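The structure appears below as structure tokens.
Just so it is clear, none of the values below were taken in a lab; they were calculated from the coordinates. Keep in mind the model is a prediction, meaning the values are calculated, not measured. When we count neighbours, we look across all protein chains shown, and the Cβ atoms used for this are built from the backbone with ideal geometry, even at glycine.
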Amino acid sequence: MSRVNVGDRYGRLTVLSLVKDSKNPKAECKCDCGNICFPQRGALKIGRATSCGCKRAEDFIVRSTTHGKSKSPEYKIWRGILGRCNNKNLPEYKNYGGRGIQVKWKSFEQFLNDMGEKPQKAWIDRIDNNGHYEKNNCQWVTPKENARNKRTSKIWVIDNIEFKTSTDAAKFLNVDSSVIIRGCNGYTRNGKKYEPRKGWSCKLLYRDWETDRKSTRLNSSHSAKSRMPSSA
């Protein structure tokens, strides 16, 4: 039987490192859902370990219940996300799936569990416009918050090196973009809050669009007046 090697995939699991244990050799693995687990290598080789446990939970949900949310605003948003990322026939696909934006959630239940119910008058927003639809890159925002986000751009700083997007930083460090987002913003898992990594940050560069708009309007008006023929 072949050996387990770093980088091998077993179902949803990717092997990150091999844990030395003479009795029960294990492997440190990252599940597609983002969790880290330590299955026995033998279980990986025979196909008994294929996820951190999330797949069993999802299969149980499918077998035993229905979400009963087919007419909910959350489900409508979920269907919209899937459409613009996967349906090439939709006009908005070019701005999402066409740019490589993916939906990392494997099911509506997983999406709802991570995001929770939609607050009133809110919609889903990706923190990094070049990042995927996933737990660490999505949030519910109100129209006011969304307007503010549109007036800002972000700079991702990793040990004094600036990147325009989390995707650029991820490629530079050869890691998933979710690592950059969590490392720069901090995150919460199982009720415990984790602070941003030392030397990592996400800077918001504010631009006063209202001032720019007024300035552009005044400049245009001034240019128009200068082109008007002078009176005799």
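At a Förster radius of 41 Å, what calculated FRET efficiency corresponds to the Cβ-Cβ distance of Gln139 and Lys88, to the nearest 0.05?
That pair, Gln139 with Lys88, gives E of 0.90.
In this structure, the amide hydrogen of Cys138, modeled 1.01 Å from its nitrogen in the peptide plane, lies closer than 5 angstrom to those of Ile127, counting only residues at least 5 positions away or on a different chain.
With 20 Å as the limit, the listed pairs Lys76/Lys118; Lys69/Lys192; Lys26/Lys198; Lys118/Lys203; Lys76/Lys121; Lys26/Lys171 have Lys69/Lys192; Lys26/Lys198; Lys118/Lys203; Lys26/Lys171 beyond it between alpha carbons. Listed by Cβ neighbour count within 10 Å, with the fewest neighbours leading, Lys71, Lys104 appear as Lys71, Lys104.
Residue exposure proxy: Arg99, Arg126, ordered by other Cβ atoms within 10 angstrom of their Cβ from fewest to most, comes out as Arg99, Arg126.
Legend: ranking of residues Phe172, Phe111 from fewest to most surrounding C-beta atoms inside 10 Å; resulting order Phe172, Phe111.
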